[in-house]
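The values are calculated or read from the model by the stated rules, or taken from the named source; none is laboratory data. Since the structure is predicted, the reported quantities are computational estimates derived from the model, not experimental observations. Ideal geometry is used to build each Cβ from the backbone, glycine not excepted, and the neighbour counts take in all protein chains shown. Areas reflect the complete protein model, heavy atoms only, side chains present, ligands, DNA and RNA absent. Shrake-Rupley method; radii C 1.70, N 1.55, O 1.52, S 1.80 Å.
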Amino acid sequence: MNTNRIGCDSSYRWVIAALVTTSFFMTFISRFAWPPLVPVVAPVLNIGLTEAMAYMTAFYIGYVVMQIPGGILADRFGPRLVLAISVAIQGAGTIGIGFIESYTAGFVLRILCGLAAGCVFSSCIKAVVTWFSPAQRGVAMGFVMTAPAMGLAAPNFIMPVLNDFFGWQGAFRLVGTLIIVFAAAIAVFMKDKKISVSGPRKNFLTGLKFVLSNRNTLLIAFAGLGIVWSQIGFASVANPYMTEYLDLCLVGAGRLMMVYGLIGIPVAALTGYISTGNISKKKTMIIASYCLTAVLLIIFGRLDSYVGVFVVICVLGILIPCASALASILLADSAGPEWAATAGGVGNCIFQIGALLSPLLIGIVRDTAGHHTWTWGILAAGAVFGIFFAMLVSASSHPSEETN
């Protein structure tokens, strides 16, 4: 009987990996449905780039606020329930954007989507850590971390096309409906795996206290903040920058960013496979990718040819997803199964401070200066910040898993 169960778990864990990857993907559909249509919707709402970028910040206000509570909830109630509810709320909020007539209403809906999405990453971490052994976890997390790349590529293709056929309102409504349909699929097909715990759970804060005392988790979190600063800032500003300064049409800019996202899909998966091994190997990889990302972001802002922009976007499409995947893999390595979701929540809460501040700062500086000269230095600074903390990460694994 035990042998059959092990075999069943061995096969079904990849179903779990697919479900959590798609759940994470849906959060990126929800958040990045907005930037491709900024040039269309901003004039309708009579807003500038600062206000348009603040819609991204609004999402991340909710996203950051809910990270730690979401992790605690996933540790207590399991990923299945938390994911199904969270994804459904994001779908409803995205549909709501298709009905807005004022800037304020959209801002509130973006916060709501962010609050719901804030529970997802920690639930994904929990599912991966409980269903996969430490030796297999890097590959599984690499699979999960294809979601950001897919989630960036898809809206940059889907939203301009849906806008052409159904208008911007119809685009948001259709995408939101798709997200709700997937939430129903989670409720039907997702399963939680029970784990043995080291002792009785005392209260909701027990895991939080444990995670906050884990030095590696906190160092990895701040290293991840740096790359998320660069990643989300670039994804938020690249479309309007290319249409304004490189004279690309909405669809043309969207297709370039779609290429950027598509390249990241196999990169994230391969990163999980290649990085399998000790933490020192992952540290070296993450520091190298951060350094190159900082340099290329500065170069991007100096380019004035389509070919040059295309080449740099392709290389960034390799480096940024690689760095992001490595940060998440290290985070999963930093805590054991019992408090995996709480560790994921704390880590991603700190990661997403970069996402919260970067687009808003870029919008303010651009509107104040009247140009994008400072944008690329601001984005590169995030990667440099991350290098400092990555260098301090210890090479030791979580003690409860060293013998697994």
Listed residue (L292, V64, V307) projecting farthest to the positive dipole end of the chain, Cβ model: V64
Be a star and scan region 250-277 for residues whose amide nitrogen sits under 13 Å from the point 7 Å along the Cα-to-Cβ vector of D164. 250-255
Pairwise label distance in nanometres, I299 with S11, each label 7 Å out on the Cα-Cβ vector: 4.8
Under the Karplus relation 6.51 cos²θ - 1.76 cosθ + 1.60, θ = phi - 60°, what is the ordered set of whole-Hz ³J(HN,Hα) values for region 344-356, x standing for Gly and Pro? x, x, 4, x, 6, 4, 6, 3, 7, 4, x, 5, 5
Region 30-102 and region 280-317: distance between their alpha carbon centers, rounded to Å: 28
Could you work out the longest stretch of the chain that avoids the GluC sites (Glu not before Pro) located in DSSP loops with at most 13 other Cβ atoms within 10 Å? 102-401
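Using a 1.4 angstrom probe on the protein heavy atoms only, line up M56, M66 by accessible area, largest first.
Details: M56 0, M66 45 Å².
Largest accessible area first, the list is M66, M56.
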For region 107-118, Karplus-derived ³J(HN,Hα) couplings (6.51, -1.76, 1.60; θ = phi - 60°; whole Hz; x for glycine and proline) come out as 4, 5, 5, 5, 4, 4, 4, x, 4, 5, 5, x
With every protein chain present, what accessible area does V295 have (1.4 Å probe, heavy atoms only), rounded to the nearest 10 Å²? 80
Note down the relative contact order for the chain as a percent, whole number, built from C-alpha pairs under 8 angstrom at least six residues apart. 28
